[in-house]
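So the structure is just underneath, and the comments pick up after that.
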Amino acid sequence: MEPINSNLTHRLAMADSKSWNPWHGCRRYSEGCKFCYMFVLDKAHHVPESSTEIVRTKMFGKPLEMTRKGWYKIPSGYTLRVNMTSDTFLEEADGWRTEMWSIIRRRPDVIFYILTKRVPRIMECLPEGWGEGYENVDLNMTCETQRAFDERWPLFRDIPARHKGINLAPMLTEIDITSALASGQIENVNLGGEGFGGDRPCHYEWIRRVSDDCTKYRVNFTVNAIGSHFVKDGRTYHIDSQQEQGRQAYRSGLSRFFGKPKYMLYHPVDGHLLEEGELMVPRFNIHRCLECTSVPACVGCTDCGSCKQVELVSMERLMEMR
């Protein structure tokens, strides 16, 4: 298929500078996809193609882009979220995935966060030489209901990977993930209620249970957003703003952080193991990040131009200001 046009690619890049979308477009896979943000954002960005058309983008080589000084634009230690406007394991992307894995191998100094609902396809789509997993790949499955977790976890559990996580979004039912937490394989759990026009509620008690379970097993837990319909103490709160949903997630106090996972990252040229001082130091915008639950695990602000006010400080300074 032909790449989408460069203007569209630019708009997608500006929408999320922390993402790498080598292909774009998706097909709804399960009930959690009913109000998928990708379809909403495509409409908002006036994407001319159908959102169900899977196309290779001009961003395909983003991790390998160079500055005028001859070094990579994406710094060592950065985290790129892969295919956040698609799914890495779509059948339609089978012809491009080998090249994607090749690019990931060429940047052993960058962490690649991969999220999928298509857990049954993961094993057959792993690259040759994967072994126990790439050190710079964080493999995550997403589950929206207890049924989805019960179907996907036994498969995900048996997939070799150096780093694994779970995403419960949109959370549509109470979900018991203790079997996954007890396995010792899971480093991070992310959770969010339904937004982007969805009206299926997320309950405080559901989030509280996952928070308590993650605390018991000392697994990092981040509540990204409480959703547009949030239920607590029998009362339903309607919150349309994504930013406000995130702010209320922070104020809930349910996120937990026990330390960053240890990644063995290597210099892309000579292959030496990178030390802390060779990795990027995250900086945060006090006008945007003060009430963000993701700060402890975030790569920081990239000053992409989407914020009107930008004043960058260190993580230590931001935490002091909270």
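The values are calculated or read from the model by the stated rules, or taken from the named source; none is laboratory data. Since the structure is predicted, the reported quantities are computational estimates derived from the model, not experimental observations. As a convention, Cβ positions derive from the backbone with ideal geometry for all residues, glycine included, and neighbour counts pool all protein chains shown. Just so you know, the surface numbers come from the protein's heavy atoms only, side chains and all, with ligands and any DNA or RNA stripped out. Shrake-Rupley method; radii C 1.70, N 1.55, O 1.52, S 1.80 Å.
Hey, can you tell me all the residues within the range 212-228 that are closer than 22 Å to Thr145 by Cβ and crowded, with 19+ Cβ neighbours inside 10 Å?
Asp213, Cys214, Val219, Phe221, Thr222, Val223, Asn224, Ala225, Ile226, Gly227, Ser228
Need a quick list: helices (runs of 4 or more DSSP H) entirely within the range 115-231 having at least 3 residues that are among the charged types (D, E, K, R).
On the way: elements: 122-125, 146-157, 178-182, 204-217.
Fully inside the range 115-231 and qualifying: 146-157, 204-217.
What's the number of the condition Thr236 fails, among (1) assigned to a loop (DSSP other than H, G, I, E, B); (2) more than 17 Å from the chain's Cα centre (by Cα); (3) loosely packed, with under 13 Cβ neighbours inside 10 Å?
With (1) assigned to a loop (DSSP other than H, G, I, E, B); (2) more than 17 Å from the chain's Cα centre (by Cα); (3) loosely packed, with under 13 Cβ neighbours inside 10 Å applied to Thr236, the lone miss is (1).
Tell me whether the range 76-97 contains one or more residues that are free of Cβ contacts under 8 Å to residues at least 12 places away in the same chain, of a type in the set (D, E, K, R) and under 29 Å from Val119 (Cβ atoms).
Filtering the range 76-97 down to residues free of Cβ contacts under 8 Å to residues at least 12 places away in the same chain leaves 95.
This time we only want the ones that are of a type in the set (D, E, K, R), so: none.
No; the residues of the range 76-97 include none that is free of Cβ contacts under 8 Å to residues at least 12 places away in the same chain, of a type in the set (D, E, K, R) and under 29 Å from Val119 (Cβ atoms).
Sort through Gly165, Gly197 and tell me the only one that's among the small types (Gly, Ala, Ser), touching a residue at least 24 places away in the same chain (Cβ under 8 Å) and open to solvent by 50 Å² or more (accessible area, probe 1.4 Å). First the steps, then the outcome.
On the way: Gly165 fails: open to solvent by 50 Å² or more (accessible area, probe 1.4 Å).
The match here is Gly197.
Only one of these conditions is not met by Cys304: (1) farther than 19 Å from Tyr250 by Cβ; (2) open to solvent by less than 50 Å² (accessible area, probe 1.4 Å); (3) modelled with pLDDT of 90 or more; (4) not basic (Lys, Arg). Which number is it?
(3)
Looking at the structure I just gave you, is Arg121 closer than 19 Å to Met38 by Cβ and more than 17 Å from the chain's Cα centre (by Cα)? Let's see the steps before the verdict.
Numbers: closer than 19 Å to Met38 by Cβ: yes; more than 17 Å from the chain's Cα centre (by Cα): yes.
Yes: the conditions hold for Arg121.
Quick check on the range 15-66: of everything there that is in contact with a Cys (Cβ under 8 Å, 6 or more places away or on another chain) and open to solvent by 60 Å² or more (accessible area, probe 1.4 Å), which residue is nearest to Glu92 (Cα to Cα)?
Thr52
Can you pull out the residues in the range 203-234 that are farther than 21 Å from Lys164 by Cβ and either of a type in the set (Ser, Thr, Tyr) or in contact with a His (Cβ under 7 Å, 6 or more places away or on another chain) (or both)?
Hits for the range 203-234 are Tyr204, Ser228, His229, Val231.
Which of the residues that make up the range 41-78 are β-branched (Val, Ile, Thr), under 21 Å from the mean Cα position of the chain (by Cα) and closer than 28 Å to Gly197 by Cβ?
Of all residues in the range 41-78, those β-branched (Val, Ile, Thr) come to 47, 52, 54-55, 57, 67, 74.
If we keep only those that are under 21 Å from the mean Cα position of the chain (by Cα) too, we end up with 52, 54-55, 57, 74.
Once the filter is applied, which keeps residues that are β-branched (Val, Ile, Thr), under 21 Å from the mean Cα position of the chain (by Cα) and closer than 28 Å to Gly197 by Cβ, the range 41-78 yields Thr52, Ile54, Val55, Thr57.
Can you tell me which of Leu181, Leu191 is buried (at least 23 other Cβ atoms within 10 Å of the Cβ), of a type outside the set (Asp, Glu) and within 20 Å of the chain's Cα centre (by Cα)?
Working: Leu181 fails: buried (at least 23 other Cβ atoms within 10 Å of the Cβ).
Of Leu181, Leu191, the one residue that is buried (at least 23 other Cβ atoms within 10 Å of the Cβ), of a type outside the set (Asp, Glu) and within 20 Å of the chain's Cα centre (by Cα) is Leu191.
Look through Gly271, Gly300 and report the one residue that is touching a strand residue (DSSP E or B) at 6+ places or on another chain (Cβ under 9 Å), more than 26 Å from Asp212 (Cα to Cα) and small (Gly, Ala, Ser). Quick ask: steps written out before the conclusion?
Numbers: Gly271 fails: touching a strand residue (DSSP E or B) at 6+ places or on another chain (Cβ under 9 Å).
Residue meeting the stated conditions: Gly300.
Confirm whether Ile207 is in contact with a Ser or Thr (Cβ under 9 Å, 6 or more places away or on another chain), buried (at least 22 other Cβ atoms within 10 Å of the Cβ) and either within 30 Å of Tyr78 (Cβ to Cβ) or not basic (Lys, Arg) (or both). Explain how you work it out, then say what you get.
Working: in contact with a Ser or Thr (Cβ under 9 Å, 6 or more places away or on another chain): yes; buried (at least 22 other Cβ atoms within 10 Å of the Cβ): yes; either within 30 Å of Tyr78 (Cβ to Cβ) or not basic (Lys, Arg) (or both): yes.
So Ile207 fits the description; yes.
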